[in-house]
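Structure, as structure tokens:
The values are calculated or read from the model by the stated rules, or taken from the named source; none is laboratory data. Keep in mind that what you see is a predicted model, and the values were worked out from it rather than measured. Please note: Cβ atoms are built from the backbone with ideal geometry, for glycine as well, and neighbour counts cover all protein chains shown. Side chains included, ligands, DNA and RNA excluded: accessible areas come from the protein's heavy atoms. Shrake-Rupley method; radii C 1.70, N 1.55, O 1.52, S 1.80 Å.
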Amino acid sequence: MDWCYILSSVQKVCFVIFLLLYTAIVLGNFIIVLTVMTSRSLSSPMYFFLSSLSFVEICYSSTTAPKLISDFLAERKAISLWGCMSQVFFTHFFGGVEMFLLTVMAYDRYVAICKPLHYATIMNGQVCAFLVGVAGAGGFVHSSAQILLIFRLSFCGPNVIDHYFCDVLPLLKLACSDTFLIGLLMVANGGTLSVVSFLVLLVSYAVILLHLRTQSSEGRRKALSTCGSHIAVVTLFFGPCLFIYLRPSTILPVDKVVAVFYTGITPLLNPVIYSLRNAEMKKADGFTPGEIQLPQGSCCSPMSTTSPLIGHKGL
């Protein structure tokens, strides 16, 4: 039996699967961004945050998926040192921004449901743009801390990463210096961000549920329908992140499967969940021509290099 031929065939199949997956992620989230920008009926802060989240999902997937897809057809799976550092930085940057955005979206739902008469005043355009900016700044601080800790490590070789993209835990495994303190700080950084954001989300929805006890059945139904899609996305994103980053700096065989879930599956499910559970989104998906309204916000795009210095082990 020619194992090389079988391996090559499997890699080609994986190439097609992940290419289709990445294409669906980009198209699905881009449709949400375009729909919010072109539809006058989706001008509320909730949809502004949703379009920002969809843009971040595109960027987040683009930090790992293109390299993974190209490696399926490459004989030598390699990435440069600076390419690896860039991948770590932007993965944690966009991941951190997504966590903060999900927290901001929970606050938006809290104000909309618990303080409806003051919603337009509290969540005005300037406040929304400021909150998105804070999410970006929070993601930058988180990723900068991770990358600064990585630069304190020493790598003696062989520099072969047992993962399909560069991340802090696989890089810790490669280091030949003492990694206990640095690993503890890395896990504390990622784990603290995940736990604090998740706890804030839980408190927000606990307050919302308590407030809904005094509402009519129709009001409860509409509020829960609005929040249901957000809760589903939060569960899909934070579950894998807490599993990876809220434990000692050890690597498990299942980590790569979990990483595929939160870097590939979750960004694909987000537009599906929001579109199917939201009546206004389903109605606006008809792309009725209208005046394009550009939301205020700022984003970054990932960078990469091509000089092969660090090898990858595939899935």
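Annotation: residue 41 fulfils all but one of (1) over 30 Å from residue 209 (Cα atoms); (2) in contact (Cβ under 8 Å) with a residue 12 or more places away in the chain; (3) assigned to a helix (DSSP H, G or I); the unmet one is (1). Taking the criterion of being at pLDDT 90 or above and either farther than 22 Å from residue 95 by Cβ or open to solvent by less than 30 Å² (accessible area, probe 1.4 Å) (or both), the residues of segment 1-20 that qualify are 13, 15, 16, 17, 19, 20.
Just wondering, is there one or more residues in segment 174-192 that are over 18 Å from the mean Cα position of the chain (by Cα), at pLDDT 80 or above and among the charged types (D, E, K, R)? The answer is no, given that none of the residues of segment 174-192 is over 18 Å from the mean Cα position of the chain (by Cα), at pLDDT 80 or above and among the charged types (D, E, K, R). Would you confirm whether or not segment 149-163 contains a residue that is open to solvent by 10 Å² or more (accessible area, probe 1.4 Å) and closer than 30 Å to residue 201 by Cα? For segment 149-163, residues open to solvent by 10 Å² or more (accessible area, probe 1.4 Å) and closer than 30 Å to residue 201 by Cα: present. Pairing each residue of segment 169-196 that is free of Cβ contacts under 8 Å to residues at least 24 places away in the same chain with any residue that is surrounded by fewer than 13 Cβ atoms within 10 Å (Cβ to Cβ) and of a type outside the set (Gly, Ala, Ser), provided the two are 6+ apart or on different chains, yields C-beta distances under 9 Å for 174/156; 174/158; 175/156; 176/156. Taking each residue of segment 99-128 that is open to solvent by 40 Å² or more (accessible area, probe 1.4 Å) and looking for partners that are not polar (S, T, N, Q) with beta-carbon atoms closer than 6 Å, six or more apart or interchain, yields 100/135; 100/138; 110/208; 122/111.
The set of residues in segment 254-268 that are closer than 16 Å to residue 61 by Cβ and of a type in the set (A, V, I, L, M) comprises 258, 259, 260, 265, 268. Please indicate, with yes or no, whether at least one residue in segment 106-125 is under 20 Å from residue 55 (Cβ atoms) and either in contact with a strand residue (DSSP E or B) (Cβ under 9 Å, 6 or more places away or on another chain) or of a type in the set (Val, Ile, Thr) (or both). No: segment 106-125 contains no residue that is under 20 Å from residue 55 (Cβ atoms) and either in contact with a strand residue (DSSP E or B) (Cβ under 9 Å, 6 or more places away or on another chain) or of a type in the set (Val, Ile, Thr) (or both). So is residue 184 touching a helix residue (DSSP H, G or I) at 6+ places or on another chain (Cβ under 6 Å) and of a type outside the set (Phe, Trp, Tyr) or not? Criteria not met by residue 184.
For segment 23-43, the set of residues classified as among the polar types (S, T, N, Q), more than 16 Å from the chain's Cα centre (by Cα) and open to solvent by less than 40 Å² (accessible area, probe 1.4 Å) consists of 35, 38, 39, listed by residue number. Of all residues in segment 134-145, none are in a helix (DSSP H, G or I), under 15 Å from residue 165 (Cα atoms) and open to solvent by 10 Å² or more (accessible area, probe 1.4 Å).
For residue 50, state whether it is in a helix (DSSP H, G or I), under 30 Å from residue 158 (Cβ atoms) and open to solvent by less than 20 Å² (accessible area, probe 1.4 Å). No. Scanning segment 57-100 for residues that are closer than 29 Å to residue 272 by Cα, in a helix (DSSP H, G or I) and aromatic (Phe, Trp, Tyr) gives 60, 89, 90, 93, 94, 100.
When residue 47 is tested against (1) closer than 27 Å to residue 93 by Cβ; (2) modelled with pLDDT of 90 or more, just one condition goes unmet, and that condition is (2).
Whenever a residue of segment 137-162 is under 19 Å from residue 93 (Cα atoms), its partners that are open to solvent by 50 Å² or more (accessible area, probe 1.4 Å) and of a type in the set (Phe, Trp, Tyr), lying with C-beta atoms within less than 8 angstrom and at least six residues away or across chains, give the pairs 138/100; 139/100. Screening segment 65-83 for residues that are more than 13 Å from residue 166 (Cα to Cα) and small (Gly, Ala, Ser) and picking the one that is modelled with the highest pLDDT gives 70.
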